[in-house]
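Each value in this text was obtained by applying a stated rule to the coordinates, not by laboratory testing. Since the structure is predicted, the reported quantities are computational estimates derived from the model, not experimental observations. Here the Cβ positions follow ideal geometry from the backbone for every residue, glycine too, while neighbour counts run over all protein chains shown.
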Amino acid sequence: MATGEAATTASDFISRITADGYKAGMRQLAASVNVVAADFNGARDGLTATAACSIAAEPPQLLVSVNSASGAHTIIRKAGAFSLNILARDQEDIAKRFAGMDGAERSERFDLGTWETMVTGAPLLSGAVANFDCEIEQMVTAATHTIFIGLVVAVTSREDGRPLLYGDGKFTGLAD
Ligand SMILES: Cc1cc2nc3c(=O)[nH]c(=O)nc-3n(C[C@H](O)[C@H](O)[C@H](O)COP(=O)(O)O)c2cc1C
């Protein structure tokens, strides 16, 4: 490096990344579409989320990443529990409803589909390819989001499940 030349730091690189550039890259990360839902003393809320993944099988733990500005964030935190519902290919209308994409009121989110409870009281969607009922084990604040780590206390899944996927900005399904 020549005398007087400033070293390039990580923050120099980061400052060149635009939100649009980041999102364009992330659009290529195809993923299953889920609804994360919670119930605190009868107040239910939920959101469509693709940021979910397995952590471990023993003990069974998974994580979801939820924007702290979303309505469901407060309910999940207060309830200390949440459900992760992996949507089926024919549940695109529910994905749109819980992403606020269909113009319905927040109070109408649970009007679509049949919702049940198992252990924690978090709403579980019938017909989903899998449902995980989770107690919150840990919360990690990361920028605009909270990563909720859940201990799975009940699980159901369908052997014939065809999951709903999201990739390249579109809802889609697995090829046959
Ligand atoms: C395909 C898809 C995936 C999404 N994934 C997430 C996610 O992982 N985490 C998140 O916080 N929001 C995610 N969102 C955005 C929320 O679903 C959306 O902001 C929702 O309206 C939040 O609820 P609110 O109306 O209470 O803010 C996603 C939206 C779509 C369409």
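Working note: Karplus 6.51/-1.76/1.60 with θ = phi - 60° gives the stretch 75-82 the couplings 5, 4, 5, 5, 5, x, 7, 7 Hz, where Gly and Pro are set to x.
The alpha-carbon of K78 sits under 20 angstrom from the alpha-carbons of these aspartates and glutamates, leaving out residues fewer than 8 places away in its chain: D39, D45, E116, D133, E135, E137. When each of the peptides 129-135, 99-105, 17-23 is scored by how many other beta carbons lie within 10 Å of its residues on average, the order from highest to lowest is 129-135, 99-105, 17-23. Full extension of the chain between E105 and A51 yields a length gain of 17.1 nm, computed as 0.36 nm times the residue separation minus the alpha carbon distance.
With helices as the sole contributors, the chain gives -4500 deg cm²/dmol at 222 nm; each DSSP H run of n ≥ 4 counts as -39500 (n - 2.57), and the sum is divided by every residue. D45 sits among other residues whose Cβ lies under 14 Å from its own Cβ, and their net charge, with Lys and Arg +1 and Asp and Glu -1, is +2.
Taking the Cβ-Cβ separation of V140 and A30 as r and a Förster radius of 22 Å, what is the calculated FRET efficiency to the nearest 0.05? For V140 and A30, the calculated efficiency is 0.35.
Result for the chain in a Gaussian network model with C-alpha springs under 10 Å: among N85, N34, N67, the largest mean-square fluctuation is at N67. Close amide H partners of I55, meaning residues 5 or more places away or on another chain with modelled amide H under 5 Å apart, are Q61, L62, L63.
Build a GNM of the chain with springs between Cα atoms under 10 Å apart, and of I75, I14, I136 the one that fluctuates most is I14.
Packing-based ranking of 52-60, 35-43, 112-120 yields 35-43, 112-120, 52-60, ordered from highest to lowest mean Cβ neighbour count within 10 Å. Each Lys and Arg Cβ is given +1 and each Asp and Glu Cβ -1; about its Cα centre, the chain then shows a dipole of about 300 debye. Applying Stokes-Einstein at 10 °C and 1.306 mPa s to the Kirkwood radius of the stretch 1-116, computed over alpha-carbon pairs, gives a translational diffusion coefficient of 94 µm² s⁻¹. Listed by chain and number, the lysines whose alpha-carbon sits under 24 Å from that of K96, ignoring those within fewer than 8 places in the same chain, are K23, K170.
Within the shell of other residues whose beta carbon sits under 14 angstrom from the beta carbon of W115, the net charge comes to -3, with Lys and Arg scored +1 and Asp and Glu -1.
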